[in-house]
Every structure is written in C-alpha cells, then in structure tokens.
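The block underneath contains the structure these notes are about, expressed in structure tokens.
The values are calculated or read from the model by the stated rules, or taken from the named source; none is laboratory data. Here the structure is a predicted model, which means the values were calculated and not measured. No Cβ is skipped: glycine too gets one built from the backbone with ideal geometry, and neighbour counts run over all protein chains shown.
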Amino acid sequence: MNFNLSQIPERIAKPRLSGLTMVMDKGLSVNEAKNFMSVSHPHVDIVKLGFGTSFVTPSLAEKLEVYRSYNIPIYFGGTLFEAFLIRNQFDDYISVCKEYGISYMEVSDGSITIPHAEKCGYIEKLTKHGTVLSEVGSKDAAHIIPPYKWIELMRAELEAGSTYVIAEAREAGNVGIYRGSGEVREGLVQEILTQIPGEKIIWEAPQKAQQLYFIELLGCNANLGNIAPTEVIPLEAMRIGLRGDTFSLYLDKKENA
C-alpha cells in the first residue's frame, strides 16, 4: 500500500483461494485491458470474458496475453459453454479452451435446461482439463429455486469437482440471489451458508449495495464476482474500510473514543 494506516483488516495475499475478486470483461479492447491491468492487477484474481463476448472480440489472443502477463486466470462466460452444448459441440468447447490456453472453465445452465446429473458429468469431464467453476441459479427471474435446492445443487457440483460454485445474479444483479430490485434475498444467502462453506462460493455482486452486504456479512475476504473493471479499486477500498459505506467497520471503538 502507498502509506501506513492502522486498523486496516488483513486481506489474504495473492495468489489466494478466498477473498477473490472476479471481474467481468464485457468487451474491453486490448489497450483498455492493458490500462485496466496497469492499475488494478494487484486486486484482480480472475477475469471472465462475459457471456459470449469472446466469440466476437477482435484480437482475442492478444487480449488474453495481456491478462496472462499479469498471471491473471481467464475464463469464458458460462453462456458460451451453454452455446456449445446446445449445438452438441462439447468437445469443440474443450478444443477452443485448449487453443486459447484457457485453463479455467465455467459450467452453467442459466439459459438452457441440463439434467443435473448430466451437468455434474460435464464438471467431472472438464476437471481433467483445468479448474472448473460452476454456476447455480437461473437467469429467468420467474424461476425461483428454494434454498434447500440451492444447497443440494451446490453440494453436488462441489463433489463433482468444481473448485468454486458461483451464485447466479447476471451482470445486472437482479435475478438468482437477488430480487428484481437488486435487493439481496438474505434468508436464501444465510441458509446456503449454513451448509456450504463461504470460501467455496463466489457471489455475483455487480452493484455496490450487494458488495457491501457480503463484506458486512462475511468480512473483507468475501468472494465477489461480476465486478466491473472500473469498480475494482473502489471495491478494494470498501473491503478494507476506506469508503464511507464501511468506514467504521474495522475501527477499534476504544482506541478512537
């Protein structure tokens, strides 16, 4: 850090297994990726090329190399996995990941219906090729999954080999673990945490209020995902009590009385 301040909570050092910030790149140019990394790389753990953007992104290999030069893992959005799957091109998906040097893969079923045993089978197969993240939850706001089912699905996917399960919210943060207004479904989140370790869940939290909720609930090392590139530095400041929302969170009340 740039100077000394007492009463700053300890962030787990990189490379870390929890306290992750997963960033969603929805179409940065090569130069924008370079600029983004130049200021934010100490605070970024994973970059996701959102939904199917990798298919239409010019100079894709060059951009991936930018992230790779900072030792940042990259993966293609789960929607791309589903796009390959619905077209019976699962093996082609593996080939594409190998071609581009992608060793993190997301298995999701937010846009298509996959029998859960089959989904777990894909997770098991992909663990032979790299690190698997699997997403639980639907992109359909009308499809409400009860808490016991979230727990059941998450547990099965972790057992199948997922390193992390991702709690679905979309890039807008208005489905899955959130209501349409963006408000956290607190009862759902807290029930999930009674059965699934928090360090194994990446909570998609694109909105500031959502990030704040998980920092207050789980501490500065909560795993947060779908963070916009421009929000990485503000999020890191909020994690450690250097933003108004969390200013008093870590202060020793006696020392400051």
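Quick notes on this one:
- Of the strands (runs of 3 or more DSSP E) entirely within the stretch 1-96, those holding at least 2 residues that are of a type in the set (A, V, I, L, M) occupy 21-25, 46-49.
- Options Gly180, Gly176, Gly187: the member that is more than 18 Å from Ile12 (Cα to Cα) and not in a loop (DSSP other than H, G, I, E, B): Gly187
- Of the residues contained in the stretch 64-80, none is found to be of a type in the set (D, E, K, R), without any contact (Cβ under 8 Å) to a residue 60 or more places away in the chain and within 26 Å of Leu153 (Cβ to Cβ).
- Qualifying residue in the stretch 190-200 (condition: β-branched (Val, Ile, Thr), in a helix (DSSP H, G or I) and closer than 25 Å to Lys149 by Cα): yes
- A search for C-beta distances below 9 Å between a residue of the stretch 218-237 that is in contact (Cβ under 8 Å) with a residue 12 or more places away in the chain and part of a helix (DSSP H, G or I) and any residue that is surrounded by fewer than 17 Cβ atoms within 10 Å (Cβ to Cβ) and among the β-branched types (Val, Ile, Thr), counting only pairs 6+ apart in sequence or on different chains, returns Val232/Val39; Ile233/Val39.
- When we screen Val56, Val44, Val30 for residues that are within 27 Å of Lys125 (Cβ to Cβ) and either in contact with a helix residue (DSSP H, G or I) (Cβ under 9 Å, 6 or more places away or on another chain) or free of Cβ contacts under 8 Å to residues at least 60 places away in the same chain (or both), the only hit is Val56.
- Single residue of the stretch 163-191 satisfying the filter (farther than 22 Å from Ser18 by Cβ and small (Gly, Ala, Ser)) that is modelled with the lowest pLDDT: Ala172
- Of the residues examined, Tyr100 is one that is of a type outside the set (D, E, K, R), more than 19 Å from the chain's Cα centre (by Cα) and closer than 24 Å to Val66 by Cβ.
- Scanning the stretch 134-162 for residues that are in a loop (DSSP other than H, G, I, E, B), among the β-branched types (Val, Ile, Thr) and modelled with pLDDT of 80 or more yields one hit, Ile145.
- Hits in the stretch 47-73 - residues which are closer than 27 Å to Glu168 by Cβ, aliphatic (A, V, I, L, M) and surrounded by 22 or more Cβ atoms within 10 Å (Cβ to Cβ): Val47, Leu49
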